[in-house]
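Beneath this line is the structure, given in structure tokens, with notes to follow.
The values are calculated or read from the model by the stated rules, or taken from the named source; none is laboratory data. Remember, it's a predicted structure, so these values are computed and weren't measured experimentally. As a convention, Cβ positions derive from the backbone with ideal geometry for all residues, glycine included, and neighbour counts pool all protein chains shown. Note: accessible area is taken over every heavy atom of the protein model, side chains too, but ligands, DNA and RNA are not part of it. Shrake-Rupley method; radii C 1.70, N 1.55, O 1.52, S 1.80 Å.
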Protein chains: 2
Amino acid sequence: MKAVVFDAYGTLFDVYSVTALADQLFRGRGNEISQMWRQKQLEYSWLHALMNRYVHFETINHHSLTHTLNQLQLAYEPEQIASLLDAYHTLNAYPEVKNALQSLPPHYRLAILSNGTHRMLKAVVDHNGLTDVLEAILSVDDLQTYKPNPLVYQHAVNLLHTPKEEILFVSSNGWDVAGAKAFGFEVAWVNRLGKARDELGVYPDHIVPDLRALPSLQS
Amino acid sequence: MKAVVFDAYGTLFDVYSVTALADQLFRGRGNEISQMWRQKQLEYSWLHALMNRYVHFETINHHSLTHTLNQLQLAYEPEQIASLLDAYHTLNAYPEVKNALQSLPPHYRLAILSNGTHRMLKAVVDHNGLTDVLEAILSVDDLQTYKPNPLVYQHAVNLLHTPKEEILFVSSNGWDVAGAKAFGFEVAWVNRLGKARDELGVYPDHIVPDLRALPSLQS
């Protein structure tokens, strides 16, 4: 194993850390908003990719949020949308992330491969003090499609100049795990929420509750 | 307008008509099961298409159901799975469907374009007495991909020998509406559940509460 490539949203950064702000803006509805927003955000990424009509993740984030508020019949002001979208730049990393990444053997190259735009990813990585820990931040935005399109995983191979057999891919998202495994990476599923595995015909090599288990994985 | 092409599941046939059986098999959990099953069924179709790893809809239906039961921590027997999958062959048409289709001007050619396999679609169409009303039942299975891949909508143009501008596409699924409109059909969204529209950058030409409004649409 030469490189470890991490998914960002849900794996390193807690997308539900926007719940408190949503709850403050829409009293008592924060949990519902953040759950539906995340679900629609993912759906819209898959659908835009499948329709061959790419729009970048900041637009998808905006559109999935307005759909969510409309579906929940919550009236909103542009400023409320703007502050929730801004909150994606300051999502919290999960508590173990920084230590876990710093505990990996120093010869491992570490990178992010994410649906987010470069701007979004740079902001959230900086906010969590991870800039110096990561060698590369790779975005689907360079390819104009979304995970789990195999072209996205190939992008990491190309930019890291590392064969796929020598890359460990780490994600908490079952569909991303399936896409990465089908592509040919060794894959660790971070099952933070104790979910049932997705039944997409391919399964992770490792299942861990959080990133602290990574250094002990035998490949 | 020369042809009217209908989505099947959710548009002509009520996918939640399995709820009663699910409730009988898993006491009190029928609603949860049928909601999550449908959601996962759609997700898996998009994901398989995006991964370029097609498996047909009977397999997706099976896998999304077992995932759902596992996620809900419900123990099950193979016979329970089999009977829920069989129930997809006898889904109920929505009450207005047959009359509405028969009320359309007789020069309109009527067809189904669906994610289901030919076997599944033939069964549910026969069960609801719609075989003689429809000229064609078109399945993604001939193409080995899923909606909203534009190739699927092109398949209807090819097999009906009708230009896309002369096809009215009718679906209750917001993501299918977006795919069909982006492809170039005239599109009617059957918003049976009073949902907020999906924000996928393209929008239906018509919004109707059920199929009774179809004959009065001006194109």
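Here B:TRP37 meets each of (1) farther than 20 Å from B:THR145 by Cβ; (2) more than 14 Å from every other protein chain (Cβ to nearest Cβ) with one exception, condition (2). Using the structure shown, decide if A:LEU72 is within 14 Å of chain B (Cβ to nearest Cβ), among the aliphatic types (A, V, I, L, M) and open to solvent by less than 30 Å² (accessible area, probe 1.4 Å). Considered against the rule, which asks whether it is within 14 Å of chain B (Cβ to nearest Cβ), among the aliphatic types (A, V, I, L, M) and open to solvent by less than 30 Å² (accessible area, probe 1.4 Å), A:LEU72 comes out as yes.
For the stretch A:102-120, indicate whether the set of residues that are of a type in the set (S, T, N, Q), farther than 30 Å from B:GLY201 by Cβ and assigned to a helix (DSSP H, G or I) is non-empty. Checked the stretch A:102-120: at least one residue is of a type in the set (S, T, N, Q), farther than 30 Å from B:GLY201 by Cβ and assigned to a helix (DSSP H, G or I). Residue count for the stretch A:81-97 under the criterion of being open to solvent by less than 50 Å² (accessible area, probe 1.4 Å) and assigned to a loop (DSSP other than H, G, I, E, B): the result is 3.
Of all the listed residues (B:LEU160, B:LEU143, B:LEU200, B:LEU104), the sole one being within 14 Å of chain A (Cβ to nearest Cβ) and more than 30 Å from A:HIS62 (Cα to Cα) is B:LEU143. Taking first residues from the stretch B:166-192 that are away from chain A (no Cβ under 14 Å) and partners that are open to solvent by less than 10 Å² (accessible area, probe 1.4 Å) and of a type in the set (S, T, N, Q), the Cβ contacts under 6 Å between residues at least 6 apart in sequence or on separate chains come to B:SER172/B:THR11; B:VAL190/B:THR11.
Being in contact with a Ser or Thr (Cβ under 9 Å, 6 or more places away or on another chain), closer than 23 Å to A:GLY179 by Cα and either among the aromatic types (Phe, Trp, Tyr) or open to solvent by 40 Å² or more (accessible area, probe 1.4 Å) (or both) is true for just one of A:TYR153, A:TYR146. Which residue is that?
After ruling out the rest, the residue left standing is A:TYR146.
Among the residues here, B:ASN52 does not qualify as part of a helix (DSSP H, G or I) and within 14 Å of chain A (Cβ to nearest Cβ). Taking the stretch A:162-176 as the range and being open to solvent by 10 Å² or more (accessible area, probe 1.4 Å), closer than 19 Å to B:HIS67 by Cα and not polar (S, T, N, Q) as the test, the residues that pass are A:GLY174, A:TRP175.
Among the residues making up the stretch A:140-162, those that are of a type outside the set (A, V, I, L, M, F, W, C), free of Cβ contacts under 8 Å to residues at least 40 places away in the same chain and more than 22 Å from A:GLN39 (Cα to Cα) are A:ASP142, A:GLN154, A:ASN158, A:HIS161. In the stretch B:177-211, what residues are closer than 22 Å to B:VAL97 by Cβ, open to solvent by 40 Å² or more (accessible area, probe 1.4 Å) and in a loop (DSSP other than H, G, I, E, B)? Scanning the stretch B:177-211 gives B:ARG192, B:LEU193, B:GLY194, B:LYS195, B:ASP205, B:PRO209.
Okay, residues lined up against (1) in contact with an Asp or Glu (Cβ under 7 Å, 6 or more places away or on another chain); (2) surrounded by fewer than 19 Cβ atoms within 10 Å (Cβ to Cβ); (3) under 25 Å from B:LYS98 (Cα atoms):
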| site | (1), (2), (3) |
| --- | --- |
| B:PHE6 | no, no, yes |
| B:GLY10 | no, no, yes |
| B:TYR16 | no, yes, yes |
| B:LEU21 | no, yes, yes |
| B:TRP46 | no, no, no |
| B:ARG53 | no, yes, no |
| B:ILE60 | no, no, no |
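The residues of the stretch B:118-133 that are surrounded by fewer than 18 Cβ atoms within 10 Å (Cβ to Cβ) and either among the hydrophobic types (A, V, I, L, M, F, W, C) or in contact (Cβ under 8 Å) with a residue 60 or more places away in the chain (or both), listed by number, are B:ARG119, B:ALA123, B:VAL133.
Might you let me know whether the stretch A:85-102 holds any residue that is modelled with pLDDT of 95 or more, more than 19 Å from A:ILE137 (Cβ to Cβ) and hydroxyl-bearing (Ser, Thr, Tyr)? Scanning the stretch A:85-102, I find no residue that is modelled with pLDDT of 95 or more, more than 19 Å from A:ILE137 (Cβ to Cβ) and hydroxyl-bearing (Ser, Thr, Tyr), so the answer is no. Could you look through the stretch B:13-67, keep only residues that are in contact (Cβ under 8 Å) with a residue 24 or more places away in the chain and among the small types (Gly, Ala, Ser), and pick out the one that is farthest from B:ASN115 (Cα to Cα)? Taking the candidates together, the pick is B:ALA22. Just wondering, is there one or more residues in the stretch B:15-38 that are under 19 Å from B:GLY194 (Cβ atoms) and either of a type in the set (A, V, I, L, M) or not in a helix (DSSP H, G or I) (or both)? Yes, because at least one residue in the stretch B:15-38 is under 19 Å from B:GLY194 (Cβ atoms) and either of a type in the set (A, V, I, L, M) or not in a helix (DSSP H, G or I) (or both).
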